[in-house]
1. For region 114-126, take each phi angle, set θ = phi - 60°, evaluate the Karplus expression 6.51 cos²θ - 1.76 cosθ + 1.60, and give the result in whole Hz per residue in order, putting x for glycine and proline.
2. Which percent of Cα-Cα pairs in region 1-107 sits in each 10 Å bin, short to long?
3. Just to confirm my numbers, what's the Cα centroid distance between region 97-133 and region 1-45 in Å?
4. Can you tell me the relative contact order of the chain? Whole percent, Cα pairs under 8 Å, sequence separation 6 or more.
5. Would you mind listing how long region 105-168 runs along its three principal axes, going by Cα atoms, in whole Å with the largest first?
6. Please identify, among Leu153, Leu67, Leu134, the residue showing maximal mean-square fluctuation in a Gaussian network model of the chain using a 10 angstrom Cα cutoff.
7. Using the Kirkwood radius built from alpha carbon pairs, what does the Stokes-Einstein equation give as D for region 147-215 at 25 °C and 0.890 mPa s, in µm² per second?
8. Would you mind ranking Phe34, Phe174 so that the residue whose beta carbon has the fewest other beta carbons within 10 Å leads the list?
Amino acid sequence: MFINLHTHKPGLKDIEIQNWDIRYPDLVPVAKYFSAGIHPWWIKDVNVDSKLAFLERHIDEVGFLALGETGLDKLIDTHIDVQKEVFGKHLILAQKCSKPLIIHAVKTHREIIEMCKQVKFDLPVIFHGFNNNLNTAKVLSDANSYFSLGGALLKPESNAAQFLKSADLKRVFFENDDKDVGIEYIYQAASEILHIGIDDLCCIVEENFEKVFNL
Ligand SMILES: [Zn+2]
């Protein structure tokens, strides 16, 4: 079975962490595992305090594996200081409730690491959809972060594919995010990039999954 670290479209045949879009709280997750958080894109449209209270009410539910996606995005209109305030509240909640974070980062990887350090955040931090250069990867690796790689792996020249070639596989996951591509195709691409069998790759990711989420 494939582990899909982050998906908006669960197929219900693999082990998946479904992203719960809490703008529509009634659309409860259908996958066994899920994550929830305030995406930086949503900040302008939601009442942040009431959504944080909502998260706190649900965070101990069975299957609630991680807080997120949450993070910082420099390509949106919401001021970065506002985003940092909201992300900072996720950090506090995740620390308090012992939940790993699933991170959305656009041109903000260093800021996120810096904020985690400031509050001495000591739970796993997973950068989802990672497709950045090796310098950024080094900064994140040095901070013991995890990487979830998605559709970019289907392009051999992508940053994600280049990164995977020399990545520490103990820190890697795979995902299909909101793409209409089966998770098996992401694993297939990763297995070709790494020259290792899909079964071996699945075993590695399963170990990572159990370790990061305490399963
Ligand atoms: Zn997503």
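1. Couplings: 4, 5, 4, 5, 4, 9, 6, 5, 10, 9, x, 10, 10 Hz.
2. 15, 49, 31, 6, 0
3. About 18 Å separates the Cα centre of region 97-133 from the one of region 1-45.
4. Relative contact order, the chain: 18 percent.
5. Answer, in whole Å and largest first: 37, 22, 18 Å.
6. It is Leu134.
7. 203
8. Phe34, Phe174
Every number here is computed from the coordinates shown, using simple stated rules; none is lab data. Computed from a predicted structure; not experimentally measured. Please note: Cβ atoms are built from the backbone with ideal geometry, for glycine as well, and neighbour counts cover all protein chains shown.
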